[in-house]
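The structure appears right after this line, and notes come after that.
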Amino acid sequence: MHYYDSANVQTSAEVYRLPASVKPQHYEIRLEPDLKNFTFSGEETVAIEVYEPVNEIQLNALELTIDEVSLSRDSHKLSGKAELDEVNERAILSFDTKVEPGRWSLRIKFRGILNDKLHGFYRSQYKDPAGQTHTIATTQFEATDARRAIPCWDEPAAKATFKLTLVVDQNLAAISNTAIESEKPAANGKKEVTFRQTIRMSTYLLAFVVGEFKATDPVDVAGTPLRVWYVPGKEALTRYGQEVGAFSLNFFANYYGIKYPGDKLDLIAIPDFAAGAMENLGAITFRETALLVDEKTASRAELERVADVVSHENAHMWFGDLVTMQWWNGIWLNEAFATFMEMLAVDAWKPHWERWVSFGLSRGAAMAVDGLNSTRSIEYPVHSPSDAGGMFDVLTYEKGASVLRMLEQYLGAEEFRKGISRYLREHEYGNAETGDLWDALEESSHQPVRRMMDTWIFQPGFPIISVEKGSDGRSIKLSQKRFLYLREPGKGTEQWHVPLMIKAATDKGVSEHKLLLTSAEAALQLPGNLKWVLVNQGGSGFYRVRYSSDLLAGVTAALDQLSPIERFGVVSDTWAAVVAGLAPLKEFFAMAAKFRNETDLNVWRAILGGFAYLDTVVDEQHRPAMQAEVRRLLTPALERLGWEPKPGESELQSQLRGSLIGALGTQGEDPQVQARARELYAKYRNAPGSVDNNLVPAIIAIVAHTGSEADYKEFKEKFKTARTPQDEQRYLYALADFRRPELLRDAMQMTLNGEVRTQNAPYLMMELMMNTECRYEAWAFLKQNWDKMAAAYPENAIPRMCGGVTSLVDQQPDVDQFFKTHKVKQGGKTIEQHLERLRVAVAFKQREIAPAPADLGLK
Ligand SMILES: [Zn+2]
């Protein structure tokens, strides 16, 4: 096993770290933003501790002008000057004389710009119903952009307390991490708003927002007032976010056994926002779709998104904010944990959503990347700020959360919870590293947590577990090997400590077994003669399972004895084996046919996911055979379910109906379904409440798929005048689902002509690259406009946009060539992964997509 060498990392990361000779204790900050000229001026007094005599003081600053610097202690005052080191994003302050150790007060006056790049202190704009433009000034500091707003020690371990004053126009609201302490009139008709002192925290968690915001009345959550803030006109969309916010805040206080660390909690919907949301202590910022929603018209998936994101950010108030990673290599634990906790909270809030079953899709998305040679270990060296930016990916969030879930299920939920609570109490107001969490969990569970988790955290990839029947018929043989889509010689020798949960049926009945596989192979004795066996019982293991053909036949004959997540696993593992070349495509078709009677939404999603992949890879000549197969498989399932919602049916059933209709009307090209979807759309357009919310996304997708120019114009207009963020998003991305080249060309233009916010444009571009009608033209468009896009879009969105290249199966060499000469900032390993996924798809196509449609294995 190759462990991560922390000694090595320290040395190379050194150049990005500030000297340890000076540390901040407390910041007093005064800022005055100018929303007309998009600038701000500020001054700060920082109480610092100097540990050894220094000639200069270094701290982070970027895109700031520093006008005055001085240092004082008692009556002693040193005046200084600042030099900016742009490459290292620092200000180097020097003074008349050497600075002696002890406590000093550092005063800096500075100026900066309210940028439009959605990071640092930035501006966001929106139009009111009368068409008038309004400007907001807001912040996004994670990972390393606080330095664009204030000169500061912008490292997670440099925790300090903050006291902020904002000078703003009388009519504007000012929001920050803590409650307002005082408000008084200031010069030029402005007001001066001072906030209470924060807890000891990292700079990346600081936030301030200024604009014509309105707030809901607070709800009281065990003494904490919780409000939702929004731009005027959106009050009707706040109730749901506030409700889940209150539920989850309470849930976490109980789970952690620690009171919420802030004095109030504001959830703020920002019209332009690069990420989904940001866990600023006490002042969480969101993109509007992640907080504001009309529960009367939204689909269940859209409601779930709000519930997930709000819970995720609330989970961070303790895990991340109260206890923070030492350095950015620990970001995975922060995000993995919040993702895990978001599931736990939403599952407790709406058990009938079966959130842990649908989490199977997220786990699968992580495995799709982690099965690549170009994957990385979860904990990964982070040196520079853009390395830190590259960490916000599916491996950090979804793989990280999956391995925590696997651990929780193995240790037991209560043992796990106790360990978490212990860890937070031991490190509150401070910083910690991954090993500290394992120590706390070992102490609470008395299990070798660190040894096991090290194999998951410090190694890239995951295993595939092969299962065979023992020759005595009363045992099974298990072996592990790294799962790889493309096997390179000499690679993939890693081994894991795999917590296996197994369900076996023998002539003595059904038995359950728990086994920690720590070597290449193991055998498990069973109480009787084996009938069938399921490995990965409960579905929380982060591994694939490959059964011998007799055992696969056995388990697929016993589907009625498996839970939905277990059936999901059987389908998902088979599909992964097909893409990796471990099983032929016809095995997947044969498997899918056994699921004709399936009723679970997520199991169907696993099956439909396989067909969607095929849709991208096959040539035009194969498409009719594929479409016929989709119809053959899905039509009976839809007939059983019917088009009309049944009284008392679960939300998951109505969502399944939407998924089946959507797939039949697009991938299946079913003319009857298409005609009926159009009728429903006409009805919906006249009376929005007349069609089940969970059918609407499907019928919109079908109308786009079969759409005319008139439909396109109508969707574009609906995007621009949408009443809710969800509608806006729905109609926007539907524009990329049309099929007529001239319409798709217009959608391409929209990614750059200002009609679409830069927070969304890269994702529209990605969708266009995945539309089989225009993907190569979209690719040409992207290449041609690359520099413009790189200049206009938020940095973190560019690598995600490039995910569209995974569907360019007929131009793989050109894609490879392009990225040799075009480097992506914040790309981390993401671009390399996209390129390998494309190679996987090309290899799959060469292997499986035979010249004649009949050879696909379809009837
Ligand atoms: Zn997070």
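The values are calculated or read from the model by the stated rules, or taken from the named source; none is laboratory data. Values in this document were obtained by computation on a predicted structure and should not be read as measured data. Reconstructed Cβ throughout: ideal geometry from the backbone, glycine too, with neighbour counts over all protein chains shown. Just so you know, the surface numbers come from the protein's heavy atoms only, side chains and all, with ligands and any DNA or RNA stripped out. Shrake-Rupley method; radii C 1.70, N 1.55, O 1.52, S 1.80 Å.
Only residues that are of a type outside the set (Lys, Arg) and within 16 Å of the ligand (Cβ to nearest atom) were counted in region 299-316, giving 11.
For the structure I just gave you, tell me whether TYR122 is in a strand (DSSP E or B) and within 22 Å of GLY390 (Cβ to Cβ). Here the answer is yes, as TYR122 does meet what is asked.
Scan region 345-364 for residues that are within 16 Å of the ligand (Cβ to nearest atom) and over 14 Å from VAL403 (Cα atoms) and the total you get is 2. Residues that are of a type in the set (A, V, I, L, M) and outside any strand (DSSP E or B) within region 22-45 comprise just one, LEU35.
In region 83-94, what count of residues is obtained for those that are surrounded by 14 or more Cβ atoms within 10 Å (Cβ to Cβ) and either in contact (Cβ under 8 Å) with a residue 40 or more places away in the chain or of a type in the set (Val, Ile, Thr) (or both)? Going through region 83-94 one residue at a time, the tally reaches 5. Every test in (1) open to solvent by 20 Å² or more (accessible area, probe 1.4 Å); (2) closer than 21 Å to MET317 by Cα; (3) outside any loop (DSSP other than H, G, I, E, B) is passed by LEU424 save one, and that test is (1).
Residues in region 317-344 that are within 14 Å of the ligand (Cβ to nearest atom), closer than 26 Å to TYR16 by Cα and either in a helix (DSSP H, G or I) or within 15 Å of the chain's Cα centre (by Cα) (or both): TRP328, GLY330, ILE331, TRP332, LEU333, ASN334, GLU335, ALA336. Working only within region 272-298, note down all residues that are closer than 30 Å to ILE700 by Cβ, within 16 Å of the ligand (Cβ to nearest atom), open to solvent by less than 10 Å² (accessible area, probe 1.4 Å) and part of a loop (DSSP other than H, G, I, E, B). Of everything in region 272-298, those that are closer than 30 Å to ILE700 by Cβ, within 16 Å of the ligand (Cβ to nearest atom), open to solvent by less than 10 Å² (accessible area, probe 1.4 Å) and part of a loop (DSSP other than H, G, I, E, B) turn out to be PHE273, LEU291. Considering region 365-392, the residues that are assigned to a helix (DSSP H, G or I) and within 16 Å of the ligand (Cβ to nearest atom) include one that is farthest from VAL87 (Cα to Cα), namely ALA366. When GLY538 is tested against (1) part of a helix (DSSP H, G or I); (2) within 30 Å of ARG847 (Cβ to Cβ); (3) in contact (Cβ under 8 Å) with a residue 60 or more places away in the chain; (4) of a type outside the set (A, V, I, L, M), only condition (2) is not met. Please find, within region 95-104, the residue that is farthest from PHE40 (Cα to Cα) out of those that are open to solvent by less than 40 Å² (accessible area, probe 1.4 Å) and of a type outside the set (Phe, Trp, Tyr). Per the stated criteria, the residue is GLY102. Of the residues in region 256-271, not one is within 12 Å of the ligand (Cβ to nearest atom) and either crowded, with 23+ Cβ neighbours inside 10 Å or under 14 Å from the mean Cα position of the chain (by Cα) (or both).
Yes/no per residue for (1) within 24 Å of TYR230 (Cβ to Cβ); (2) open to solvent by less than 30 Å² (accessible area, probe 1.4 Å); (3) modelled with pLDDT of 95 or more:
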position: TYR712; (1), (2), (3): no, yes, yes
position: THR721; (1), (2), (3): yes, no, no
position: PHE738; (1), (2), (3): no, yes, yes
position: ASP746; (1), (2), (3): no, no, yes
position: GLN749; (1), (2), (3): no, no, yes
position: ASN771; (1), (2), (3): no, yes, yes
position: ALA778; (1), (2), (3): no, yes, yes
position: LYS788; (1), (2), (3): no, no, yes
